[in-house]
Amino acid sequence: MKDILNKFKILFYNPIIVYLLLIIGISLVAITSSAPLTEIQYGASDYAMRQGLFYGIGFILTFIIIIIGTDRIRALRWWLYGFVMILLFGLFIHEKGIMNVPFAKNINGATCWYILPGIGTLQPSEFMKIALALVVADIIQKHNEFYPHLKRTVKTDFLLLLKIGAAIVPPAFLIFEQPDSGVTMIILFFVALMIFSSGIKWRYIFIVGSIAMVGITIFILAVGVFPDFLTNVLGIQAYKLSRFFGWFDPFGTIQGAGNQLAKGLLAIGSGHLIGNGFQSLTTYFPEAHTDFIFAVIGMDFGLIGTLITVILCGLFDFEILNTATLNRGHYNSYLCVGIFGMLFFQQIQNIGMTIGMLPITGVTLPFISYGGSSLLSYMILFGLILSSHIEGMKLKHSEVDYHERTLYLKTKAYIKDNAKVD
């Protein structure tokens, strides 16, 4: 009991908890403010109340993870990975029509969820992000212990990439086939960031990153210039490309692919500096409580509301990086870098697609958008961040105690030697 109390004493001075509480306030207010929009699309609902319930469950999970600690969670990494892989494979065979899997559900053309009676929807890909962060952090830590900095070569770096690739390719493939390109991109981004922090030579990262950027640029240009080639020759489904057409010209395609983005931009623009007020409903757009929650904030609370949201998200992310630095060179450091990558990419992607800077991918805004699986997964990650902070503070204090003890012994020996001379 004393050990548990000491853990929470350490967390008392961590501002990340305050930032999360403020973000929770924004989430509940924004979801409540989106009620007139969600009622048009889904009918009367209690999404804000459900979000509050998810937060309550999430804090219980966070509390449990803090008590258990990252070391024990790390020991379960492959069990979690295997369990979620089974769930993802079940969705895959259901999607392909190989077998009818109980509770698997196709919603809006994607088989990403299980519908559990009395509970609601469960999205396994959200929990696979947690499993992969745990697994990849462990792979990097063990690799660096076996190959210290001076022993690293092209061969050892390539071996690390192979081990990480073997872990991420199977789940990434199953998630992409659901189809869910949004979560697939999140996985690739945060794993790339973890590799970047692993000590691998930067020139390899630069080469791979440059190739990726060139490939993305060529693909986007091909969508605009040669869409028939992509659909007829490469076999890319037309509905996937329609998102790009809506992105290229949202107002020109407002009756079709660009409807959601165009309406979202009109809603944000109508908010001006201070917004139109709570539940204003000046412009209708779909998925207001999930994918386009940022547009609700802009419409009802204006530029001030959006800036407060962005600043709080930035401060929250900054504290995650502080925790990673606190654990530098240890397992928790790589884990926090992965969590930071998830959050940062998802925030940039969601806000970017809402304001027309990026194509719409169905990615939600972490901790703010409505969603049970997404919110619970991020509350679990929040628990891992806090647990990593505790371990980092203990590590810092142990190093300080060691240096103080060493200095004390050296000083004592120095005084003793000088006393003999006198």
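Highest mean first, what order results for 249-255, 113-119 on Cβ atoms within 10 Å?
On the way: 249-255: 14.6, 113-119: 12.0.
Peptide ranking by packing, descending: 249-255, 113-119.
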task = May I ask for the distance between the Cα centers of the stretch 68-147 and the stretch 203-232, given as a whole number of Å?
result = 29
ask   = Taking the Cα centre of the chain as origin and charging only Cβ (+1 Lys, Arg; -1 Asp, Glu), how large is the dipole, in debye to the nearest 20?
value = 1420
key: For the chain: accessible area per residue (Å², 1.4 Å)   = 51
Relative contact order of the chain, pairs being alpha-carbon contacts under 8 Å that are 6 or more residues apart, as % = 25
task = Taking all protein chains together and a probe of 1.4 Å, list 289, 330, 94, 149 from the most accessible to the least accessible.
result = 149, 330, 94, 289
query = What shape does the stretch 1-131 take by its C-alpha gyration tensor, where a ≥ b ≥ c are the square roots of the eigenvalues and a/c under 1.5 counts as rounded, a/b above b/c as prolate, and the rest as oblate?
reply = oblate
request  = Considering only protein heavy atoms, with the full assembly of protein chains and a 1.4 angstrom probe, order 306, 282 by accessible area, largest first.
outcome  = 282, 306
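Got a number for carbon plus sulfur as a percent of the stretch 13-411's accessible area, 1.4 Å probe? Walk me through the intermediate numbers first.
Details: 13720 of 19150 Å².
Carbon and sulfur: 72 percent of the exposed surface of the stretch 13-411.
Between residue 238 and residue 9, how high is the FRET efficiency from 1/(1 + (r/R0)^6) when r is the Cβ-Cβ distance and R₀ = 51 Å? Nearest 0.05. Don't skip to the answer; put the middle values down first.
Numbers: r = 58 Å, r/R0 = 1.13.
According to the calculation, E is roughly 0.30.
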Sequence ranges 69-78, 84-93, 125-134, ranked by mean other-Cβ count within 10 angstrom, highest first = 125-134, 84-93, 69-78
query = Using modelled amide H (1.01 Å from N, peptide plane; none on Pro or chain starts), what sits under 5 Å from the amide H of residue 111, excluding residues fewer than 5 places away?
reply = none
Nearest-ten-degree value, helix 16-33 long axis tilted from longest Cα axis of the chain = 10
task = Note the angle between two axes, namely the Cα long axis of helix 2-11 and the longest principal axis of the Cα atoms of the chain, as a number of degrees from 0 to 90, rounded to the nearest 10.
result = 60
ask   = Along the Cα-to-Cβ line of residue 76, 7 Å from the Cα, sits a label point; which residues in the stretch 359-380 have backbone N less than 15 Å from it?
value = 377-380
query = Mind checking the angle between helix 181-196 and the chain's longest principal axis? C-alpha axes, 0 to 90 degrees, to the nearest 10.
reply = 20
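The values are calculated or read from the model by the stated rules, or taken from the named source; none is laboratory data. Source: prediction; values computed, not measured. We place every Cβ from the backbone using ideal geometry, glycine too, and count neighbours over all the protein chains shown. Surface areas here come from the heavy atoms of the whole protein model, side chains and all, with no ligands, DNA or RNA. Shrake-Rupley method; radii C 1.70, N 1.55, O 1.52, S 1.80 Å.
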